[in-house]
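Have a look at the structure below before the remarks.
The values are calculated or read from the model by the stated rules, or taken from the named source; none is laboratory data. Worth saying up front: this structure is predicted, and the values here are computed from it rather than measured. Cβ sites come from the backbone with ideal geometry, for glycine too, and all protein chains shown count toward neighbours. The accessibility values were calculated without ligands, DNA or RNA, using every heavy atom of the protein model including side chains. Shrake-Rupley method; radii C 1.70, N 1.55, O 1.52, S 1.80 Å.
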Amino acid sequence: MAGKQPGECRRKSGHPCGCPKPPRNAQELQDISVDLKSSAACHGMNELYISGPLQDMTFSVSEGTTGVHVLYQFTMEPPAVSLRLSGEKDGVIKIASKKGYLYLNGSLDRETKAIHRLQVEALNEVGEKVKGPYSITINVQDINDNPPKFDKSKYKAIVWENSRPGKPFMYVHATDHDDPTTPNAQLSYSILHHFPNPYIQMLFQIDNVTGAISTSETGSRLLNHQQQDMFILVVTVKDLAGMSENALTSNIDVEITVKENLWKAPPNASIKENSTEPHPIYIMQVHWNEPGAKYGLLEKERLSRFPFTIDQNGTIYVTEPLDREEKELYSFFATAKEEGGEELGRPLPIFVQVEDINDNPPVCQNALTIFEVQENEELGSNIGTLHATDMDKENTLNSRLQFRIVEQNPKIPLDNLFIIQQEAGTFQLSRSSLNKQKVSNYSVTVEVTDKVFTTLCDVKINVIDMNDQIPIFEKSDYGNWTILEDTPVGEVILEIQATDADEPFTGSSQIIYQIEEGDQNKNFIIETDPQTNRGFVKINKILDFEMSSVYNLTVKAANPEPLVKGVQYNSSSTAYFRVLVADVNEVPVFSKNTYIVDIFEDVPVGTLVMNVTANDPEGDRIRYTLESNKRNWLRIDTFSGAIYTHAPLDREAEHEYKVQVTATEENKKSQSSTAVFMLFIKDVNDNPPRLTKGNHLFFCHPLHGGARAEIQATDDDQQLYPPEFNFSLGGGENIKSDWEISRIDGTHAYLSPKHTNLEEKNYSIPLTINDNGKPPREGNLNLQVNVCRCTDEKRCFIEVENHSGMPSTGMAVGTLLGVLISIVFIVGGIFLRLEYKKMKGLKRNAAKPSELKTLT
């Protein structure tokens, strides 16, 4: 039906025929003759076939069209003089029997009938059928003429406090009688108003497609039945998917009742440890708002065993006795789920506290506790504290410990020499009657109790001698000691000895050696052998003859325990010795082990790069040289250490240039040291672009439209960002009239012929490639393009020329056959000769018996 007729007249074309006035009603349609082709063109016939012979046809008509609407004009051929229409006309679809006009006299309704099926027949003058029937189908196209309607006049629903956001608690639903396959029936839901609305944010939300209503994040948090137990939502539904201002709408009230949320975390539960009651034992119960929920427990932490369970009434039990010393607090979650496994609400935190009972005895911290007390200790002095622990809960009566001395051995000079603080366990001296020469130690048994359990702890108290003797050196002057300045750290250079008359292996007799004078920089250290009290003087830091060549050292011997009153250290506890540092010839020392410099590759030859410096401890003059300078890019000033560029740098050849700087003394020994010099060469744009795969291309002859070859460019310079190359053709107009180049991306382009008339030959095409560096570089090259005949594998076929003096193919075949025939003759001759020798041998063997007989 979409063909245009050659004589069609359109208003916009300015056709001189003009547009005749269309028929105003059915009677006028029957009575007057109308140039329907022009009328249809002027009055929007949607490019139908304006007229034509009888045939099966299908029309599409929008519903709601008013007045007379011509669809088509059927032409008749004799003997046909009139047409007859039958079928689903519905009083609207008619035909002008004489003129053949098929038209609508009124409007169609798609919702009443979407498709009308009719038949048309041609009749002669006596009313007999001479042609047909032909089927006529009229599809009624939908317009948006039906507003959506809700299924109910009012909706009611219940929502629970703290409902999970986004989980629907009700649905609204509307229908639209328009065509469901078009946007006219696509519905979109939204909440228009919210009464009352005490909050800035909406408490409820609706799915615009399904109509599912749920609480928002704000609503889940703020809904409270005591503050507001009733809400009215005005819900709007729009057709056209809610995307047009012309959409038709409907509204409905949704009455929502807020109820108290029963799904609340219960108070923390407590259960006594090591319960002897039958298990499981009831702890607490949780409730979902409605029946039918599936309850479960969710572990919060990974345990070797989980001693809790929940039944389908929401009752939580403990399944076995608990030990507070193993775990004091259990934390987990209770869940409520639908039949399908989806959670109905947030998991509830559950806390179970295990109550302590006194089920652990006191424990001595040490199997034997040892104290020391000086024999002159004053009455009431603290000797030490006995430590014990109890695994029951801290700071409760179950873990409260009390101490009592039950026995002392020996009881010399008397019993109860010691007392112990009942709560703290601290020992004190109750008598000033200790005598090291009579009793050197006491054994004390202490009872520790928590009122239920009792434990005995053993304590040993050693009586120690008073520090009334000072250390005395074996000699006061250890003389001079000469050492080399490169003596390694930790080496012993001298041994010293002092003695102490107090009790051995106590703090009173232990000796500590300290350098009192002559060693401000702590170059030396003295370590003591605890068995012999012998002192070992060691090097603590590297020595330097140039810094200090002589050390006059004063050493003091002292005890870690303080001396008793009236006793003081004197000159007997002091010794002297002198350390003489001998000079050694040391190597020069660089200021750094590694020198690093960044430099651009285009710096001029002779540019100063850096000064390296080395110092000789003895002050000798130093000469500098470069090693591993394989590219000879650098030179160094022999005496100043200044390093210069010696040749042009090239980052593309080597971007990290490493050499070794050697500093050598100018003396008889000529010692030297080395440092590393690293030159990081930074790129400049000094390389023009080039092609990555050479400059030879080919096209298969004869050429076809769309033929093209891909080329790729690269640049040897450092690419900090993706390269951007510009491709262009050089040469004259002849090149540009035959070839063109088109960019693919920053590195690729297509070369393609502009037409298919190119000859079969080689072409040299100038190509220019520019990069985007600073300064930009340009690469110029000639693409060698071969337009050639191709093999089936799409490769250039290269024909071998037949040069004079070279054998032809026939000559080569003849020569080969001649060689083969010669080989056959030679092999045949050899074979016949072998057969002849074989036959001759057989005859000779047959004659041998008669010869033997004759000899006999």
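Taking 2.2 N^0.38 Å as the expected size of a compact globular protein, what ratio does the Cα radius of gyration of segment 436-478 give against it, to two decimals?
2.26
How far is it, in nm, from the label point at N441 to the one at T638 when both lie 7 Å from their Cα along the line to the Cβ?
If labels sit at N441 and T638, their model points lie 7.9 nm apart.
Pairs of lysine in segment 56-141 with Cα under 21 Å and at least 8 positions apart or on different chains: total?
12
Size of the dipole of segment 753-793 about the Cα centre, Lys and Arg at +1 and Asp and Glu at -1 on the beta carbon, nothing else charged, in debye to 20?
It works out to roughly 240 debye.
Taking the dipole about the Cα centre of the chain, with the C-beta of Lys and Arg at +1 and of Asp and Glu at -1, give me whichever of P753, N261, H655 is farthest to the positive side.
It is P753, whose Cα lies furthest towards the positive end.
Pairs on different chains or at least eight residues apart, Cα atoms closer than 24 Å: how many lysine pairs in segment 653-786 fit? Provide the component values of the computation, followed by the final result.
On the way: K658/K682; K682/K774; K693/K736; K693/K754; K693/K761; K736/K754; K736/K761.
Number of lysine pairs found: 7.
Leaving out ligands, DNA and RNA, and with a 1.4 Å probe, what % of the accessible surface on segment 494-620 is carbon or sulfur?
Carbon and sulfur: 49 percent of the exposed surface of segment 494-620.
Where nothing but the Cβ of Lys and Arg (+1) and of Asp and Glu (-1) is charged, how large is the charge dipole of segment 98-138 around its Cα centre, in debye to the nearest 20?
Magnitude of the dipole: close to 80 debye.
From the C-alpha gyration tensor of the chain, pull out the three semi-axes of the equivalent ellipsoid (sqrt of 5λ each), sorted largest to smallest, in whole Å. Mind showing how you got there, number by number?
Working: eigenvalues 1989, 1009, 317 Å².
Square roots of five times the eigenvalues give 100, 71, 40 Å.
How big is the Kirkwood radius of segment 293-443, worked out from every pair of different alpha carbons and given in Å to one decimal? Please list the in-between numbers first.
Details: mean 1/r = 0.0488 Å⁻¹.
Kirkwood radius, segment 293-443: 20.5 Å.
Round to the nearest 10 and give me the degree value, 0 to 90, for the angle of helix 809-855's Cα axis relative to the longest principal axis of the chain.
Helix 809-855 sits at roughly 70 degrees to that axis.
Take T499, project a point 7 Å from its Cα along the Cβ direction, then tell me which residues of segment 435-477 have their backbone nitrogen under 20 Å from it.
465-477
Accessible area of segment 307-412 with a 1.4 Å probe: how many percent of it is carbon plus sulfur?
Carbon and sulfur atoms account for 48 percent of the accessible area of segment 307-412.
Name the long-range amide H neighbours of S82: under 5 Å, sequence gap of 5 or more, or other chain; modelled H, no Pro or chain starts.
Residues meeting the criterion, in which the H sits 1.01 Å from N, are L123.
Would you please put 360-369, 224-233 in order of how densely packed they are, using the mean number of other Cβ atoms within 10 angstrom per residue and starting with the highest?
So the peptides 360-369, 224-233, ranked by packing, come out 360-369, 224-233.
Dipole of the chain (Lys/Arg Cβ +1, Asp/Glu Cβ -1, origin at the Cα centre): which of I599, T335, V824 lies farthest to the positive side?
V824
Be a star and scan segment 141-177 for residues whose amide nitrogen sits under 12 Å from the point 7 Å along the Cα-to-Cβ vector of K259.
Under 12 Å, as judged by backbone N against the label point of K259, lie 157-161 of segment 141-177.
What length, rounded to one decimal in nm, is gained on full extension from S737 through to A424, with 0.36 nm per residue of separation minus their alpha-carbon distance?
Full extension of this stretch gives 101.8 nm more.
Report the full-extension gain for the segment A157 to V452: residue separation times 0.36 nm, less the Cα-Cα distance, to one decimal in nm.
Values: separation 295, 0.36 × 295 = 106.20 nm, distance 6.24 nm.
Taking 0.36 nm per residue and subtracting the Cα distance, the gain is 100.0 nm.
Can you work out ³J(HN,Hα) from phi for every residue in segment 61-68, in order, using Karplus 6.51 cos²θ - 1.76 cosθ + 1.60 and θ = phi - 60°, giving whole Hz and x for Gly and Pro?
Running phi through 6.51 cos²θ - 1.76 cosθ + 1.60 with θ = phi - 60° gives 10, 5, 5, x, 5, 9, x, 8 Hz.
So if I take the centroid of the Cα atoms in segment 203-236 and the same for segment 500-552, what is the distance between those two points in Å?
About 84 Å separates the Cα centre of segment 203-236 from the one of segment 500-552.
Would you pull out the residues with amide H under 5 Å of F590's amide H, same chain only if 5 or more places away, H placed 1.01 Å from N?
The answer is N615.
Just to be sure I understand the model, the point goes 7 Å from the Cα along the line to the Cβ. What's the resulting T75 to N780 distance in nm?
Inter-label distance under the simple model: 7.1 nm.
Can you give the FRET efficiency to the nearest 0.05 for D311 and H177, using r as the Cβ-Cβ distance and R₀ = 56 Å?
Working: r = 52 Å, r/R0 = 0.93.
Efficiency at R0 = 56 Å is approximately 0.60.
Can you compute the charge dipole magnitude of the chain about its Cα centre, using +1 on each Lys and Arg Cβ and -1 on each Asp and Glu Cβ, nothing else charged? Give it in debye, rounded to the nearest 20. Before the final figure, lay out each step's value.
Working: 84 positive and 117 negative charges, 1134 e Å.
In debye, rounded to 20, the chain gives about 5440.
In square angstrom, what is the accessible area per residue of the chain with a 1.4 angstrom probe?
Here the per-residue accessible area is 58 Å².
My understanding is that a pair violates if its Cα-Cα distance is over 31 Å; which of K436/K522; K156/K294; K438/K538; K264/K451 do that in this structure?
As for pairs spanning more than 31 Å Cα to Cα, those are K436/K522; K438/K538; K264/K451.
Full extension from S107 to W481: what is 0.36 nm times the residue separation minus their Cα-Cα distance, to one decimal in nm?
121.7 nm
Towards the positive end of the charge dipole of the chain, with charges on Cβ (+1 Lys, Arg; -1 Asp, Glu), say which of T791, Q671, M610 has the farthest Cα.
Working it through, the farthest residue towards the positive pole turns out to be T791.
Given a Förster radius of 22 Å and the C-beta distance between V492 and D544 as r, what FRET efficiency does 1/(1 + (r/R0)^6) yield to the nearest 0.05?
0.65
Read phi for every residue in segment 520-527 and hand back ³J(HN,Hα) as whole Hz from Karplus 6.51 cos²θ - 1.76 cosθ + 1.60, θ = phi - 60°, with x for Gly and Pro.
In residue order, the calculated couplings are 5, 8, 6, 6, 10, 9, 10, 10 Hz.
Using the Karplus equation 6.51 cos²θ - 1.76 cosθ + 1.60 (θ = phi - 60°), what ³J(HN,Hα) coupling, rounded to whole Hz, does each residue of segment 185-192 give in order, writing x for Gly and Pro?
Whole-Hz 3J(HN,Hα) from phi for segment 185-192: 10, 7, 9, 9, 9, 7, 9, 7.
Enter the Cα centre distance for the pair segment 286-321 and segment 358-430, rounded to the nearest angstrom.
The distance from the Cα centre of segment 286-321 to that of segment 358-430 comes to 48 Å.
For the pair N274/K98, report the inter-label distance in nm, with labels modelled 7 Å from Cα in the Cβ direction.
Result: 12.1 nm between the two label points.
Semi-axes of the equivalent ellipsoid of segment 654-774: what are they in whole Å, largest first, if each equals the square root of 5 times a C-alpha gyration tensor eigenvalue?
53, 14, 11
Ignoring everything except DSSP H segments at least 4 long, calculate the 222 nm mean residue ellipticity for the chain; use -39,500 (n - 2.57) per segment, divide by total residues, nearest 500.
After summing the helix terms and dividing by the residues of the chain, the value is -2500 deg cm²/dmol.
In terms of modelled amide H atoms, which long-range or inter-chain residues lie less than 5 Å from the amide H of N685?
HN-HN under 5 Å from N685: K774.
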